[in-house]
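The structure under discussion appears below in the form of structure tokens.
The values are calculated or read from the model by the stated rules, or taken from the named source; none is laboratory data. Being a predicted model, the structure only gives us computed values, none of them experimental. No Cβ is skipped: glycine too gets one built from the backbone with ideal geometry, and neighbour counts run over all protein chains shown. Accessible surface areas use protein heavy atoms only, side chains included; no ligands, DNA or RNA. Shrake-Rupley method; radii C 1.70, N 1.55, O 1.52, S 1.80 Å.
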Amino acid sequence: MDMRITCLLLLIVVGGFPFIGGIFTNAPAGPPIDIRIDGSLEPALEQRIRSIRAEHPSLDRHRTRGFEILSDLDDDVVAEHGQLLERTVRAVDEFCLALGYPPGESLGSSSDHRHLVIAFSNRDAFIEFAARRDRVNARWLGGYFAPGPGYLVYHTVADHPDVRKMTKDLVAPDGEAGDTSGTDDRLHRFVIEADASVVVHEATHMLLHHRGVAPATNGQSMWLLEGLAGSFEPIEATRRFGPMRPENARTRDFRDLLRRGRVPRLVDLVRERDFPGARGTTHVHYATSAALCSWLARHRAEELRRYLDTVNARVGGRSGDRDTTSLDAHQGGGEEDIDGRLGARRLAEFESVFGEVSRLEYAWLRYEMATASMTVEDREMFVSRD
């Protein structure tokens, strides 16, 4: 059973989730605040909430300091997730301050603004909502951030088919549970931690987008967007998290890749806008990107700030990748040729801020090898990557 839970964690956190007010505390979450609508919310947000609840009347409404949550999950689960959302705000504030960005909302946002979150207890309802409202095929997703309407949507991992099957397997054929308390506790813990990864990951996308730090546009590279979000994922739901800490939920995967020499070349990661679509490789790029972004935030904060500003200026904030249009319209060439020139441009953009990519890669991986207690003197891995 332990092995099945481990494999499922890899499937959900990697393949499926492309995917507080006050100082953080480990105190248990309190109950959700009862909502008394007084017309004080932004009209557009209020209209969107009413529209969603009209189609999904089972979604109760909850409120935290910075979020409106529509959910049919148990109240205590909503309270825990609400606390995670508010802790993500604090972690993003810490990250922004470290890079020299002001904390809080982007310019033009009201202090009363709340972000909208929709959390389903039923996976099929989540899939149907994603297809109808956002035209997203969410069958392999645990959650997503939709930049257009500006909301975060997810379902609890407890309703994933494999988790349901494992839960069912814990019950004996005669309908009575055997001595499975240890396994049941581990499965419950797995659900809590997997849900936390989804909530924090997607909330990070939302917050960085709304603040203009890393807008979720077609022009942004996956290693940057997903790496930043992945670097916030908590190792445990109750522990402090964020890229300013040396470990995150993907650190173990990355160090395993490092020991086996399977870390993608940094030059390849930087050149491509999207992760390769080869089956079974998604977790490799997510884990690597999360490790890289965390290291950059802690050891190259000034450069990371300049790089984010450079990329945002190129893609026009939220208008997509202008490079594609200019190359296609004015320089000719086939799709492969355009992709090659765009890749070269992304690499040049990266090196204009961080310096030669091979030197940065050497410094980064040397640090990661030492942190993972690997033999730093063994340079064969670096030589073989040239």
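Summary of values
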{"read-out": "Among THR238, VAL213, ASN248 - extreme Cα towards positive end, dipole of the range 182-252, charges at beta-carbon", "value": "VAL213"}
{"read-out": "Inter-label distance, nm, simple model (7 Å from Cα along the C-beta direction), TYR367/ARG260", "value": "2.5"}
{"read-out": "Unit charges on C-beta of K, R, D, E only; dipole of the range 210-307, Debye", "value": "220"}
{"read-out": "Area of ASP339 that stays accessible when all protein chains are in place (1.4 Å probe, Å², to 10)", "value": "90"}
{"read-out": "Solvent accessible area, Å² - GLU226, 1.4 Å probe, full protein context", "value": "20"}
{"read-out": "Extension gain from GLU351 to ARG61, taking 0.36 nm per residue of separation minus the Cα-Cα distance", "value": "99.7 nm"}
{"read-out": "Rounded to the nearest 10 Å², the accessible area of THR217 at probe 1.4 Å", "value": "20"}
{"read-out": "Mean-position separation - Cα centroids, the range 347-363 and the range 129-147, in angstrom", "value": "35"}
{"read-out": "Ranking by accessible area, most exposed first, for GLU128, GLU356, GLU368 with a 1.4 Å probe", "value": "GLU356, GLU128, GLU368"}
{"read-out": "Neighbour cut-off at most 16 other Cβ (10 Å), DSSP loop, trypsin sites (Lys or Arg not before Pro), the range 51-102", "value": "ARG65"}
